[in-house]
Amino acid sequence: MSVIDVAPRAEARGAPRRPKPGPALQHGKVGFVLAFLAVPVVIYGLFVLSPYVQAIYISLTDWSGLTASQTFVGFDNYVRLFEDDQFWVALKNNVILMLVVPVVTLALGLFFASMINVGRRGKSGIEGVRGSKVYRVVYFFPLVLSMAVIGVLFKYVFAPTEAGGIFNGLLGLVGLDGLTQPWLGDPRFAFWCVVVVMIWAFVGFYVVLFSAAMQSIPKDIYEAALLDGSSRFTTFRHVTLPLVWDTVQVGWVYMAIQAMDGFALVHIMLGISGGPSRAGDVLGVALYRSAFNSYRFGYASAIGVVLLVLTLIISVLFMRAARRERVEL
Amino acid sequence: MTTTSVDHPPPPAPPAEPASPRRGPGVGAGAGALNLLNGGFMLVWALITTLPLLWAIISSFKTNTEFLSDPWGLPETLRFDNFARAWSTANIGQYFVNSVIVVAISVPLTMLLGAMAAYVLARYDFPGNRVVYFGFVGGMIFPVFLALVPLFFVVRNLQNLPLLGEFLGLNSHLSLALVYVAFSMPFTVFFLTAFFRTQPTSIAEAAIMDGCSHFGLFFRVMLPMAKPGLISIGLFNVLGHWNQYILPVVLMNEPEKKVLAQGLAALAISQGYRGDWTALFAGLVIALLPVLIVYILFQKQVQAGLTAGVLK
């Protein structure tokens, strides 16, 4: 056992953000670092990095997969993509998923989270509504389920009445028989059913996320607002919202990226061609169809690059938003 | 109370004042009505969340006639044979076992490899450290879809490897597990690197001085200390891998190799709206009940694990 001078290391104890290893930690370091990094890097490089790099190249070829030849065709795939009406249908739906789903989901999440944490004005001041604990557990149910399982479930919820569709049954039950539809069979409604299901699936996530943020707000701010006669809405608008705004922004990006992948829901609820009149198509499904049904691998990869660009746009927007001032407590 | 720059000592928040003798402003009859209304909204959303799930569970015990004629009623007798049909005839049993095999390989491997990489990246200075770190973490913003086409061929070509080839390739559970591991690396490494950085250097120094090797330091000191972080990210990965859909759809096309979510979806797609509904619902319940039970038992940890990514 070697005696080394540990005294200079003592001050590092307080701020261990990037620990500089002392001499003892230098011994035999290189072999250790290599041994620990080799396998993760190889697996990651093989299955993640190399496919991404290849995909960008494949998008510039006319590769059909069955032949070995990949002819470089420049931006031909992109030109064809932009001339394809179906691409624009899918892109429009993806933009709806990126904008509508986060806005509605976050709004509902904020509302329910503020109800759970500070929704009730009782004798003892501000508290959550009755049964808050139960709601927090129940609202989160969909989050632990696979999107595929949720898709299967709602395929039957929205089924025609004669196939046991419970949504139509419910409309009949409350006397709205006139509104019953073959929901997933009508190009006007099919995609919006997917939107609704996606919102259903994610609200609970934001309830939990925003609850965590709201619990760190000291209760006496609310007591003070109450004494000042501030209405619930004013309190929400001027106290709660500014103090959780950071989390809302991060949540928006996360939701927008999640929503980009409508693949499982559209594939299962509407089918591989994107539903009636292909009106419910999304880019993920279009990519899968081009690649594994028609073997147009170059074209499919071009759709993948478009998806990448959309994701990058969201990320850049997020980073700009995140640079704004935070409200510190 | 319109100020947004609230200057305040940090929590702990003081306990709520004891009930004041007089009602504060805003706590009158109108407030009572609002309390009721808000409570109503909460209840409605709770019903919207649970009713479809309850409907699926109840339907899985009915006959197909009962399912159509009386969607809201309880079954006359509990039809457990629906589950038997789902399990064997509809192959859900096989899919369930396949899912268990894949997750049993992929999650421990993700945790081990992710922790190894994160630990080295967090605590050892070497040239290229930042490059490797951002190489891993950068993977978080790339959509999986972009990788699908080349990934299909990468995995297919693995079967040509000498020795290992026969265990890999398409329709191999080992391949699928390795792909899960690879795609879980970005987030796992990101999360655990932050975790390992907060561990005190003094303990590492002390362990090394006591004659611990770098390997021993990691496995006997650092890894046990990172347990809370490992549990969060572990639950995150278990659910993520168990629920994965797009990767198995691309990589597993032989019917008997499918995983649970994929197999169930394939059944629903091929069966459409005519067929053996109650067996399908039994399959659905087989898929959703285990996860729901695990969640109810470990709600706190699961919620923390799944939201950890955004909160970091």
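All of the numbers you see were taken from the coordinates with simple rules; none came from a lab. Computed from a predicted model, the values in this text were never measured in an experiment. Reconstructed Cβ throughout: ideal geometry from the backbone, glycine too, with neighbour counts over all protein chains shown.
Things to note:
- Helix-derived mean residue ellipticity, 222 nm - over the protein assembly as shown, DSSP H n ≥ 4, -39500 (n - 2.57), to 500: -19500 deg cm²/dmol
- Rg then Dmax, both in Å and based on the Cα atoms of region A:68-183: 22.6, 77.
- Vicinal HN-Hα couplings computed from phi for region B:174-181 (Karplus, 6.51 cos²θ - 1.76 cosθ + 1.60; Hz; Gly/Pro x): 5, 4, 4, 4, 5, 5, 4, 4
- Radius ratio Rg over Rh of region A:146-304, counting only Cα atoms, Kirkwood formula for Rh: 1.13
- Convex hull volume per residue, computed on the Cα atoms of chain A, equals 244 Å³.
- Extension gain, A:VAL309-A:TYR57: 0.36 nm per intervening residue step, less the Cα-Cα distance, totals 89.2 nm.
- Charge context of B:ARG274, other residues only, Cβ under 15 angstrom, K/R +1, D/E -1: -1
- The 3J(HN,Hα) values that the Karplus relation (6.51, -1.76, 1.60; θ = phi - 60°) gives for region A:195-202 are, in residue order, 4, 4, 5, 5, 5, 3, 6, 10 Hz. Gly and Pro appear as x.
- For chain B, alpha-carbon Rg and Dmax in angstrom: 25.7, 83
- Sequence ranges B:260-269, A:72-81, ranked by mean other-Cβ count within 10 angstrom, highest first: B:260-269, A:72-81
- Here the Gaussian network model covers chain A, with springs between Cα atoms less than 10 Å apart; of A:THR161, A:THR235, A:THR67, A:THR67 fluctuates the most.
- Neighbouring Cβ atoms from other chains, within 10 Å of the Cβ of residues in B:83-96, number 0 on average.
- Scattering curve values for region B:171-240, log₁₀ I(q)/I(0), Debye with Cα scatterers, q = 0.24 Å⁻¹: -1.04
- Region B:134-278 shape via C-alpha gyration tensor axes, a/c threshold 1.5: prolate
- Our coupling estimate for region B:185-202, obtained by passing each phi through the Karplus curve with A = 6.51, B = -1.76, C = 1.60 and θ = phi - 60°, is 4, x, 6, 4, 5, 4, 5, 6, 4, 4, 5, 5, 5, 7, 7, x, 5, 4 Hz, Gly and Pro reported as x.
- Take the Cα radius of gyration of region A:25-76 and divide it by 2.2 N^0.38 Å, N being the number of residues; the result is 1.85.
- For B:LEU51, B:LEU217, the sequence from fewest to most other C-beta atoms within 10 Å is B:LEU51, B:LEU217.
- Size check on the protein assembly as shown: the Cα extents along the three principal axes, sorted descending, read 83, 80, 53 Å.
- Footprinting exposure proxy for B:SER175, B:SER99 (fewest neighbouring C-beta atoms within 10 Å first): B:SER175, B:SER99
- Among the residues of B:200-211, the average count of other protein chain beta-carbon atoms within 10 Å of the residue beta-carbon is 6.
- Number of Lys-Lys pairs in region A:80-322 with C-alpha atoms under 28 Å apart and a separation of 8 or more places or on different chains: 4.
- Footprinting exposure proxy for B:SER270, B:SER202 (fewest neighbouring C-beta atoms within 10 Å first): B:SER270, B:SER202
- Taken residue by residue and averaged, Cβ atoms of other chains lying within 10 Å of the Cβ of A:132-142 number 5.
- Debye log10 I(q)/I(0) for region A:215-320, one point scatterer per Cα, at q = 0.10, 0.15, 0.19, 0.21 Å⁻¹: -0.51, -0.74, -0.95, -1.06
- All-pairs alpha carbon distance profile, region B:72-224, 5 Å steps from 0, percent: 2, 8, 12, 13, 14, 13, 11, 8, 7, 5, 3, 2, 1, 1, 0
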